[in-house]
Amino acid sequence: MSEQTLVVIGAGHVAASAARALRRRGFAGAIVLVGDEPVGPYQRPHLSKERLATGGDAGLWLLDPAWCEANDVTLRTSSPVDRISTGTGEVLLTDGTALRADLVLVATGGRPRQLPGVEGDRVHSIRSLADSDRLRERLLPGRRIGVLGGGFLGTEVAAAALRRGAEVVVFDRDPVLLARVLGADIGAAVTGLHRQRGVELRLGTAVTEIRTSADGVTVVTAGGAESVDDLVVSIGIEPDTDVAVRSGLVVGNGVEVDAQGRTSVPTVFAAGDVAAHDHPRYGRIRVEHVDVAQQQAAAIASTLAGRPATFADPHWFWTDQFDINVQGLGLAGIRADDVLVSRGNPRALDGTVFWLRDGGIVAAATVERGEDISVARELIDLEIPVSAGQLADESVELEDLLDQEEVPV
Ligand SMILES: Cc1cc2nc3c(=O)[nH]c(=O)nc-3n(C[C@H](O)[C@H](O)[C@H](O)COP(=O)(O)OP(=O)(O)OC[C@H]3O[C@@H](n4cnc5c(N)ncnc54)[C@H](O)[C@@H]3O)c2cc1C
């Protein structure tokens with residue numbers, strides 16, 4: 001095993017995490033990261049936060065070239081991959097280069113969903129560093145920016161635009177921002193926050209038409225037509241499965257992998273935004289969070305280093321809404337009949353919501369109380385029974401629930 005060469009296709013979060021995790025776990029073979037961007041792996045979440053607002057690069061880069069050199073990790077940038085030749089065990093680049101690969105990790109991420117016919121210089125989406133830098137130049141005082149889609153990314157873009165002095169209007173067909181993912185209370189709190197900070201919201205109404213011209217973009221809803229200088233389309237991503245499809249891997253909503261990250265070809269793995277993994281709690285699911293990408297990469301690294309591991313984490317993520325931190329855990333598994341319990345005051349931007357089922361926590365979301373999520377993670381992992389009353393009662397320390405012997409009714 002130690003002589004094997006691993007090629008990672010896509011040089012993003014999975015690639016950087018896999019390289020580090022493989023070396024930490026004693027994988028001794030060569031590691032080659034092949035990316036199509038002109039730069040090495042970077043913190044993609046910065047693109048809608050600090051990088052977009054300020055252009056700064058503190059903490060942006062994920063791999064230090066000196067570390068790569070010292071650890072025999074080769075990074076090839078601007079090198080799009082065409083496909084894996086599973087017959088010859090090679091990764092074929094579009095420029096005709098063939099790289100020997102005993103093992104392959106497909107980590108091609110995702111690409112923003114586009115609206116057919118909505119394109120041009122004044123239409124933006126953010127996936128790459130180049131996208132973010134291009135958009136930042138448009139976020140200037142006196143300019144009016146439209147954001148189509150009030151999800152995590154759209155709301156972060158709105159906050160960054162406002163921070164740069166631009167006017168912002170967010171369009172979303174849902175009446176409350178983020179309520180579908182984070183619940184009604186936190187959704188209401190985030191919606192109120194954006195309104196209070198000066199983001200104009202056009203919620204609860206679908207966009208029926210978008211017209212682009214050299215001077216700007218017109219967005220039409222049932223409420224009328226509005227003109228903006230630039231429009232950011234933020235309506236989700238699709239997994240970038242092109243390489244996987246050309247390589248003959250089984251692909252559904254992403255590259256299908258088992259709980260160890262293995263695709264339909266035993267020497268080929270996939271992780272991150274592109275991978276639809278077989279989760280022990282949630283079944284087949286594809287998740288677009290950094291922590292999931294990193295942990296899947298680490299689990300695959302363990303397996304490749306000889307200590308088989310499965311990825312079973314309840315999926316954690318965070319988003320920064322202005323200066324307010326929001327986190328979620330286990331939300332992929334919530335059901336309509338779960339019992340919701342609030343601790344503190346999430347509607348006032350200070351509290352946590354828990355989803356309870358059969359006497360245990362299945363999910364949690366918080367505003368500004370990250371420590372509650374850490375405890376919730378252990379309560380979920382260890383399947384410790386808790387009651388709604390305990391969770392709602394702020395005189396009960398959440399940590400103490402980890403050690404309790406009996407749950408009061
Ligand atoms: C603006 C933004 C903000 C985000 N904020 C958050 C956040 O706050 N919290 C959170 O949890 N998650 C956030 N995410 C999501 C997070 O960034 C992703 O989950 C994470 O990047 C997934 O890692 P990955 O390695 O699967 O994909 P990526 O990091 O996207 O890496 C994939 C790489 O593969 C390359 N590639 C694709 N095809 C080829 C090919 N044929 N050949 C070579 N290379 C190829 C791509 O260009 C890309 O560089 C955010 C994402 C974006 C875009």
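The values are calculated or read from the model by the stated rules, or taken from the named source; none is laboratory data. Since the model is a prediction, treat every value here as computed from it, not as a measurement. Every residue, glycine among them, receives a Cβ derived from its backbone with ideal geometry; neighbour counts consider all protein chains shown. Accessible surface areas use protein heavy atoms only, side chains included; no ligands, DNA or RNA. Shrake-Rupley method; radii C 1.70, N 1.55, O 1.52, S 1.80 Å.
Each Lys and Arg Cβ is given +1 and each Asp and Glu Cβ -1; about its Cα centre, the chain then shows a dipole of about 1060 debye. Among the helices of the chain (complete DSSP H runs), which have Cα atoms covering no less than 15 Å along the helix axis and a Kyte-Doolittle mean of at least 0.5? Span-like helices in the chain: 152-163, 290-304. Summary of packing: across the peptides 218-226, 279-287, 241-249, the per-residue average of other C-beta atoms within 10 Å ranks them, highest first, as 241-249, 279-287, 218-226. In terms of accessible area, using a 1.4 Å probe and ignoring ligands and nucleic acids, Ser132, Ser227 rank largest first as Ser227, Ser132. Sites listed here are trypsin sites (Lys or Arg not before Pro) in region 150-185 whose DSSP assignment is loop and whose Cβ has at most 16 other Cβ atoms within 10 Å: Arg173. If you average 1/r over every pair of different alpha-carbon atoms in region 116-241 and take one over that average, what Kirkwood value in Å do you get? About 14.7 Å, per the Kirkwood formula over Cα pairs. Between Gly12, Ser79, Ala101, the Cα set farthest toward the positive side of the dipole of region 1-111 (charges on each charged residue's Cβ, about the Cα centre) is that of Gly12. Ranking Gly389, Ala348, Ala312 by Cα position along the charge dipole of region 302-409, where only Lys, Arg, Asp and Glu carry charges on their C-beta atoms, puts Ala312 farthest toward the positive end. With protein chains left intact and a 1.4 Å probe, residues in region 334-401 average 47 Å² of accessible area per residue.
Check each of the GluC sites (Glu not before Pro) in region 360-409 and keep only those in coil by DSSP with at most 15 other C-beta atoms within 10 angstrom; list them in order. Sparse-neighbourhood loop GluC sites (Glu not before Pro): Glu383, Glu394, Glu397, Glu405, Glu406.
Expressed in units of 2.2 N^0.38 Å, where N is the residue count, the Cα radius of gyration of region 334-401 is 0.99. When the Cα positions of Gly261, Ala159, Val91 are compared along the charge dipole of the chain, Val91 comes out farthest toward the positive end, with charges on each C-beta of Lys, Arg, Asp and Glu.
Relative to the Cα centre, the charge distribution of region 308-362, modelled as +1 at Lys and Arg Cβ and -1 at Asp and Glu Cβ, gives a dipole magnitude of about 140 debye. Estimated at the nearest 10 Å², the accessible area of Trp318 is 70 Å² with a 1.4 Å probe.
Taking only protein heavy atoms and a 1.4 Å probe, the accessible area of the chain is 47% carbon and sulfur.
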